[in-house]
Structures are given as structure tokens and as C-alpha cells.
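Written below as C-alpha cells is the structure these notes are about.
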Amino acid sequence: MAEPVQTPQAFPTRIFSGIQPSGSLTLGNYLGALKRFAQKQDEGIETLYCVVDLHAVTVWQDPARLRQQTREIAASYIASGVDPKRSILYNQSQVTAHAELGWLLSCVARIGWMYRMTQFKDKSGANAENASLGLLAYPALMAADILSFRTTHVPVGEDQKQHIELARDIAAKFNHDYKTDFFPIPEPLIEGPATRVMSLRDGTKKMSKSDPSDASRINLTDDADTIAKKIRKAKTDAEPLPDTVEGLEGRPDAKNLVNIYAALADLPLAKVMEEFAGAQFGTFKPALADLAVAKLGPITAEMNRLMAEPDEIDAILGRGAERADAIARPIVAQVYDIMGMIRSRQV
Ligand code: AMP
Ligand code: TRP
């Protein structure tokens, strides 16, 4: 289903992506991000996956909770198939290149670019003057996450597209200003039927860990009964399912459930339509609930097993950080050099 990754530039293919430890993960994170991260690793490409704790603190985080959630995201990565031996899995704050390059790139990026980010507008709300400076600058740090490794491809969900475009603009402006081709222009990888999983209560809104209604989402920590109940109660319309993909147009709630089914089953949408043509939701919803429980149950169980051994998780993150640091440190040193900073310290 996913298109083979092509490297447009003369840089080795390298994949980087990150998830914020700012709440429990949802089915949207799993289908839009985690599941695809594991697939990329299985394609034999170099993959780096990060728990972006420096991003999380752009809004207030209780320290004890941040620690717990960082481990939980690490556990979710592993339970979803990211293998810490084949991928580099770590938390952002343990690799100083992120913060260093983040500063340098915030001097390349323009303030106006930041104000245009829809996520900043959404998150800062009516009182933008009172948002943290970090929340505004965050896309420059995200660009640094990607460019610290001279990453060529970034798998993300649809909501991150604007930030990746900004990272491309920042890379291009750096290359232009310093007359170099040092940074690749990173490509977003937004593919498959679930790049935007929608709320179970409103098919026009993104499924989000910050939605006040727990019924709007499936959490990776939900048990089988909760998953089945949420799917049974999911909003739908009164019509039976159509027999073609086109027939779903204008039916956002129905479309969302069918997309989720296709993504969980690894089936093309058209195949799912064939299978359920003319079915009532009374038939489709139990089938979807069974599938979701079958796919998510083992992930939740593995997460719980891992979470019982926090020291083991911390050790994995530490080893990943060592490996990430070995790649990023020389890259950032070259950036300092390109920008004209003296590097004479003996180490
Ligand atoms: P976040 O939870 O905002 O740190 O997002 C982590 C990753 O999950 C990013 O790649 C997002 O694009 C992706 N993601 C978050 N919510 C959804 C959703 N509802 N559907 C698809 N992908 C999502
Ligand atoms: N901003 C992303 C989100 O909120 C997380 C993220 C941080 C990220 N740095 C990244 C994603 C670098 C891809 C690449 O979901």
C-alpha cells in the first residue's frame, strides 16, 4: 500500500519521526504514526524514533507525569513493533543536538512563519500573548529534530504536514543564506487510509488525545470492553454502507469507521467496501470492534508488560540516545562551522 521510499537528493535515505509525551496515545497515533514507523523499519531503512519531551514542555507538564508519559510513549513504540535494536529509539532531551540546532535554526526561521502555523493558533487560543515562547518557536525545534540527522523522509499524520513544509523552508533558507547544500530538503511521508483518523463523536474533527470527551477516541490503554463499547456508540448515519468508495462522500462518520477498518485490516478501502456493501451499522460495528480488539489487545498487553519495568525502558532510551548522539553531534558541529563559529576546544 505504502509507496516505496525514494531519495530525491544525494543523501542516504534516513527516516526520523517523533511523538510528544503529552497524554495517552490514541488509535489515531497508532494508525497514523506508530504502525507505519514499524513498517518503515521493516523495509530495511535506517530509522530514528524519538519521544519528544522538549516539545511536550511547550505547555505545562507535571514533572512526575512527564517521566511516566515518556516511558509510556517508549513502551507504545516498542509494543507497536519498533525494535530498539533495528531502530534508534530515544528521548529527545538526552541528545543535546536537538536544543543546539533548535537555537541555530530559530535564527534562520522568521517569526511570521511561526504565527502562520495552524497548530500554534489552535493551541494558543484566544490568549496567544500568554502562550510560552517555546510554543511559538516549536516548529524550529521540530526542523532541528529532523535536520540534526540530515533526515530525508519524515512519516507523520496529516496534521503535521504544515510543520514539515516549514522544516523544508528552513532547510532551504539555511542552504541559501550560507551558500551550501548541507541540508537535504526532507520529504513528508503521509500515506495509507489512516493519515487522519477522525473523532468517533464527530467525523469532521480529528481524533485527539486532548479531546475532552473520552468517548471520541480509542486509547491504546483501553481494554476490550471499552473499545467495543466506544465503537458501538460511535456516531453514524441511518444509511447502510454503500458498495463503492465514492459512495462514502458526504458521510464523514461512516467514512471514518470504514477507513479505520481498512487500516487495521491492512486492506485497500475498495476491498472493505466490497465486503460490507449494503451492510447496516448493526453488522459493521461489531465486525470493526472485533478487529480493533484483535489488533490492539496484544499491543496493550505488551505495553503493560513493559511499563512494569521502567528501568528497562530507561536503559533502552539511554542506549538509543548514545547512538543518536553519535550521528547528530558531528552534523551540528559542521553547522556551527558553516555559520562561522570557532570550534577550538580540545575534547
Ligand atoms: P502527537 O500525538 O501530536 O505527538 O502526534 C504524533 C503522531 O501521530 C504525528 O505523526 C501525528 O500526525 C499522528 N497523529 C495524531 N493524531 C492523529 C490522527 N487522529 N490520525 C492520524 N494521525 C495522527
Ligand atoms: N510535532 C510533532 C507532533 O506534535 C512531533 C514531532 C516533533 C515530530 N518533532 C518531530 C514529528 C520531527 C516528526 C519529525 O506530532
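For the range 219-265, the set of residues classified as of a type in the set (D, E, K, R), over 17 Å from residue 282 (Cα atoms) and touching a Lys or Arg at 6+ places or on another chain (Cβ under 9 Å) consists of 222, 249, listed by residue number. Sub-9 Å Cβ pairs linking a first residue in the range 322-342 that is modelled with pLDDT under 95 and polar (S, T, N, Q) to a second residue that is assigned to a helix (DSSP H, G or I) and buried (at least 17 other Cβ atoms within 10 Å of the Cβ), at least 6 apart or interchain, number zero.
I want to confirm something. Restricting to the range 123-143 and keeping residues that are assigned to a loop (DSSP other than H, G, I, E, B) and hydrophobic (A, V, I, L, M, F, W, C), which single residue is surrounded by the fewest Cβ atoms within 10 Å (Cβ to Cβ)? Explain how you work it out, then say what you get.
We begin by selecting, within the range 123-143, every residue assigned to a loop (DSSP other than H, G, I, E, B); these are 125-127, 131-132.
Subsequent filtering for residues that are hydrophobic (A, V, I, L, M, F, W, C) retains 126, 131.
On the way: 126: 6, 131: 15.
Ranking the qualifying residues of the range 123-143, first place goes to 126.
Looking only at the range 10-25, residues that are polar (S, T, N, Q) and away from ligand 2 (no atom under 12 Å from the Cβ) come to 2 in all.
Within the range 144-158, being in contact with a strand residue (DSSP E or B) (Cβ under 8 Å, 6 or more places away or on another chain), assigned to a loop (DSSP other than H, G, I, E, B) and within 16 Å of ligand 1 (Cβ to nearest atom) holds for 151, 156.
Take the residues of the range 206-227 that are part of a loop (DSSP other than H, G, I, E, B) and out of contact with any helix residue (DSSP H, G or I) (no Cβ under 8 Å at 6 or more places or on another chain): which is surrounded by the fewest Cβ atoms within 10 Å (Cβ to Cβ)?
The first filter runs over the range 206-227 and keeps only residues part of a loop (DSSP other than H, G, I, E, B), leaving 207-213, 217-218, 220-223.
With the extra rule that they be out of contact with any helix residue (DSSP H, G or I) (no Cβ under 8 Å at 6 or more places or on another chain), the set shrinks to 210-213.
On the way: 210: 11, 211: 17, 212: 6, 213: 10.
Looking at residues that are part of a loop (DSSP other than H, G, I, E, B) and out of contact with any helix residue (DSSP H, G or I) (no Cβ under 8 Å at 6 or more places or on another chain), I get 212.
Residue-level check: of (1) assigned to a helix (DSSP H, G or I); (2) touching a strand residue (DSSP E or B) at 6+ places or on another chain (Cβ under 9 Å), residue 184 misses just (1). Contact map, the range 218-231: residues that are more than 19 Å from residue 76 (Cα to Cα) and in the same structural domain as residue 296 (by TED's automatic domain parsing) paired with residues that are at pLDDT 95 or above and aliphatic (A, V, I, L, M), Cβ distance under 7 Å, separation 6+ or inter-chain. Pairs shown: 228/289; 228/293; 230/200; 230/215; 230/218; 231/288; 231/289; 231/292. Total residues in the range 79-132 satisfying the condition of being within 16 Å of ligand 1 (Cβ to nearest atom) and farther than 24 Å from residue 162 by Cβ: the figure is 9.
With the requirement that a residue be without any contact (Cβ under 8 Å) to a residue 60 or more places away in the chain and either in contact with a helix residue (DSSP H, G or I) (Cβ under 6 Å, 6 or more places away or on another chain) or within 13 Å of ligand 1 (Cβ to nearest atom) (or both), what does the range 22-60 give you? Across the range 22-60, the qualifying residues are 34, 47, 49, 53, 56. With respect to the conditions (1) of a type outside the set (A, V, I, L, M, F, W, C); (2) in contact with a His (Cβ under 8 Å, 6 or more places away or on another chain); (3) without any contact (Cβ under 8 Å) to a residue 40 or more places away in the chain, residue 145 lacks only one, and its number is (3).
Name the single residue, out of those in the range 228-244 being of a type in the set (A, V, I, L, M, F, W, C) and touching a helix residue (DSSP H, G or I) at 6+ places or on another chain (Cβ under 8 Å), that is surrounded by the fewest Cβ atoms within 10 Å (Cβ to Cβ).
Step one: of the range 228-244, the residues of a type in the set (A, V, I, L, M, F, W, C) are 228, 231, 234, 238, 241.
So of that shortlist, the ones also touching a helix residue (DSSP H, G or I) at 6+ places or on another chain (Cβ under 8 Å) come out as 228, 231, 234, 241.
Numbers: 228: 18, 231: 23, 234: 23, 241: 22.
Going through the qualifying residues, I end up with 228.
The values are calculated or read from the model by the stated rules, or taken from the named source; none is laboratory data. Quick caveat, the model's predicted, so the values are computed rather than measured. Note: ideal-geometry Cβ built from the backbone for every residue, glycine included; neighbour counts use all protein chains shown.
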